[in-house]
Amino acid sequence: MRSRLLALAVVSAVAIAACGGDDDTATPTTDAATDAATETTDVAAETTTDASAQTTPETTPDTTEETSETTELALAEFEILPDGPYDVGVTTITINAGSERPLTLDVWFPVADAGEAPVHQYTLIPGVYYESPDAVTATADQIAPDGPYPLVVYSHGSGGLRYIASYYTEAIASHGYVVAAPDHTGNTAADRLLGAEAEFDVNALNRPNDVVATIDAMLDPTSTETVGFVAAVDPENIAVTGHSFGGFTSLAVAGSYENPVGSFVADDRVDAIIPLAPATGDSTRLMSDAGLESIGIPMLVMVGTNDQTTPVDPNVTRIWDLAESEPLVRVELVDAEHQSFTDVCDYQTFLPTLGDAVPAPVLETIDSQATEGCDEAAMPIERAKDLSNTFAINFLESVFRDAELITDTDTALPDDIIFMSR
């Protein structure tokens, strides 16, 4: 029994998507500064034949530097978005995506006052957990009464877990959103351990359908599991986000997708998507050109410039070249890597504090996964989290609450991001 728990712990810790591609670094275009106009004084008052006689016009001061400084001052200062006004509660429920596919969901939601509620623990196996720095364990009856709130569905990576990016899902919920994340049955860490993982094409088709099932459940007043959330969820404001294979999932939900197993039609209830380090593959696997071209809803895509698992090219460049989203915002975190969008670095720091309760293979596995995002060469993980949360929440606020979208035309953006939009 202990060996099985050890194996489960190892695989549960490996909650990261594994998708491939080629590396590329995008370079933004910078507009040239506008030269200041210079007024020329007509000094030809009379003609002189004296070769030594010259008239020197009054020199007009060069205002180029002054103009540049004025333009720079006109840009708003970039600020990291702090946590929102709400405490965050978390609960775990089970829904069905058909009779053969139960889905375990974590749901994060705004709480007016957490009070003495216990800090939430994201449990890998009994005795091995990651303790949330902010969220508490709560139930739907504790949701803040200010709703209804927009719904955000989060999709984990291949062989992952629903709570692998709790830093991100918690931050979104703190700003007044209900966030629901399913374990994709057949494509989780436990499935991989038990030899129950479905074939690639089956998982690729199941994933967007899992998102649809999650949305259905969160809006279903007849569901005993989700009925407490239904009145607090705004059915007219829904977004999907996800990491790696979950990034593909968000794209598939918004566009068309088909493979040898079947096809998926875009869910028109979804108003916006945020793929994180997405896997798009080439035109023959995962998202086809036509599938990407069919996406027209607002999209923010974020990626690390040093991502080796789902590198910028082709995974993000294909989105940029083909998607018809309005707006389409592309944010590349300089030196960030694949795990920069997960909690793996926090696992690496926290799990050793549990002492002997954590088997050595778990720590070894975490250390192995942490090489792509937690090493010294990568963007510091707290900076990566701050940036990804800031851009994601601002984007959601711009779509659902008419907030001003951060752009490089009105904000002095930091040097550690590459920003594009259209």
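The values are calculated or read from the model by the stated rules, or taken from the named source; none is laboratory data. Every value quoted in this text rests on a predicted model; they were computed, and no experiment measured them. Virtual Cβ from ideal backbone geometry, glycine too; neighbours counted across all protein chains shown.
Brief remarks follow.
- For the residues 275, 298, 314, the requirement of being buried (at least 24 other Cβ atoms within 10 Å of the Cβ) and modelled with pLDDT of 95 or more singles out 275.
- Leading residue by the ranking (surrounded by the most Cβ atoms within 10 Å (Cβ to Cβ)) among those in the range 133-145 that are closer than 14 Å to residue 163 by Cβ and in contact with a helix residue (DSSP H, G or I) (Cβ under 6 Å, 6 or more places away or on another chain): 135
- Counted residues, the range 148-193 - those being under 18 Å from the mean Cα position of the chain (by Cα), in a strand (DSSP E or B) and not hydrophobic (A, V, I, L, M, F, W, C): 5
- Number of the exception - residue 238 against (1) part of a loop (DSSP other than H, G, I, E, B); (2) touching a strand residue (DSSP E or B) at 6+ places or on another chain (Cβ under 6 Å): (1)
- If the condition is being of a type in the set (A, V, I, L, M), touching a Ser or Thr at 6+ places or on another chain (Cβ under 7 Å) and surrounded by fewer than 22 Cβ atoms within 10 Å (Cβ to Cβ), then the range 106-120 contributes 117, 119.
- Residue 367 out of contact with any Asp or Glu (no Cβ under 9 Å at 6 or more places or on another chain) and within 17 Å of residue 163 (Cβ to Cβ): no
- Restricting the range 79-130 to residues that are of a type in the set (Ser, Thr, Tyr) and outside any loop (DSSP other than H, G, I, E, B), the residue that is nearest to residue 382 (Cα to Cα): 130
- Qualifying positions in the range 391-413 - farther than 23 Å from residue 322 by Cβ, touching a residue at least 12 places away in the same chain (Cβ under 8 Å) and in contact with a helix residue (DSSP H, G or I) (Cβ under 8 Å, 6 or more places away or on another chain): 393, 396, 406, 412
- Residues of the range 370-422 that turn out to be out of contact with any Asp or Glu (no Cβ under 8 Å at 6 or more places or on another chain), among the hydrophobic types (A, V, I, L, M, F, W, C) and within 18 Å of residue 176 (Cα to Cα), as a count: 6
- From 133, 102, residue being under 30 Å from residue 355 (Cβ atoms) and at pLDDT below 95: 133
- Residue within the range 223-237 that is closer than 18 Å to residue 294 by Cβ and of a type outside the set (A, V, I, L, M) present: no
- Residues in the range 334-372 that are touching a His at 6+ places or on another chain (Cβ under 6 Å) and of a type outside the set (A, V, I, L, M, F, W, C): 372 only.
- Residue count for the range 352-390, restricted to those that are in contact with a helix residue (DSSP H, G or I) (Cβ under 7 Å, 6 or more places away or on another chain), part of a helix (DSSP H, G or I) and not hydroxyl-bearing (Ser, Thr, Tyr): 11.
- Where residue 364 falls short, out of the listed (1) of a type outside the set (Ser, Thr, Tyr); (2) modelled with pLDDT under 95; (3) surrounded by 23 or more Cβ atoms within 10 Å (Cβ to Cβ): (3)
- Of all residues in the range 312-323, those that are of a type in the set (Ser, Thr, Tyr) have Cβ atoms under 8 Å from Cβ atoms of residues that are outside any helix (DSSP H, G or I), 6 or more apart or on another chain, in 317/24; 317/26.
- Any hit, the range 180-200, residues being among the small types (Gly, Ala, Ser), under 20 Å from residue 90 (Cα atoms), in contact with a Phe, Trp or Tyr (Cβ under 9 Å, 6 or more places away or on another chain) and buried (at least 24 other Cβ atoms within 10 Å of the Cβ): yes
- Each residue in the range 252-271 was checked for being touching a helix residue (DSSP H, G or I) at 6+ places or on another chain (Cβ under 7 Å) and either buried (at least 24 other Cβ atoms within 10 Å of the Cβ) or part of a strand (DSSP E or B) (or both), and 7 pass.
- Scanning the range 60-99 for residues that are among the aromatic types (Phe, Trp, Tyr) and either over 30 Å from residue 118 (Cβ atoms) or at pLDDT below 95 (or both) yields one hit, 78.
- Test: residue 349 is assigned to a loop (DSSP other than H, G, I, E, B) and of a type in the set (Val, Ile, Thr): no
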